[in-house]
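The values are calculated or read from the model by the stated rules, or taken from the named source; none is laboratory data. What you see is a predicted model; the values in this text were computed from it and never measured. All Cβ positions, glycine included, derive from the backbone under ideal geometry; neighbour counts span all protein chains shown.
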Amino acid sequence: MPYLGFGTEAISQTLPQELVDEIEKIGNEATSNEEFLKKSYDYITSRFHGDRFKTIYQCFYAFRPLFSHRTGYLPCSMQNQLLKIMLIKSSRFQSQDIRVKTTVVDFFIHQYMEVRLDNGWIPVDPWGKSLGIPFGEYAFGFV
């Protein structure tokens, strides 16, 4: 499955202009790396959401091109890849500052990330936000 974290996913060199503009806008607004991370997370979660049932009956979404999705449901791995792209393209983070992690949610493999900030690693799970998982935590078990 694309972007599931069983290898290093390439960061696209060509991005949609809308995403480039958003990275630049957030970069100009954010006064710290943590604020950049939070604002990028907010951008992703304002456009995309997770859903336990759509993970089953819209599993084919995971095999569509990453930038073909504009809004709506998006698998956890793809939301994480978009966030990773924003972080790395901002030049505030490098790939070694981002760890892809997996856990089990409702009998399915679920992906979240850990991002290194000055005060250590913080879990980040944009997919989980729609299930009530707050920034700085991740979904696991039965939610």
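Is it fair to say Phe36 is modelled with pLDDT under 95, within 21 Å of Val124 (Cα to Cα) and surrounded by 17 or more Cβ atoms within 10 Å (Cβ to Cβ)?
The answer is no for Phe36.
Quick check on Phe60: is it modelled with pLDDT under 90 and either closer than 18 Å to Pro126 by Cα or not aromatic (Phe, Trp, Tyr) (or both)?
Taking the combined requirement at face value, the residue does not satisfy it.
With the condition being modelled with pLDDT of 90 or more and within 11 Å of the chain's Cα centre (by Cα), I'd like the strands (runs of 3 or more DSSP E) fully within the stretch 88-143 carrying at least 3 qualifying residues.
Where strands (runs of 3 or more DSSP E) fall fully within the stretch 88-143 and carry at least 3 residues being modelled with pLDDT of 90 or more and within 11 Å of the chain's Cα centre (by Cα), they are 108-117.
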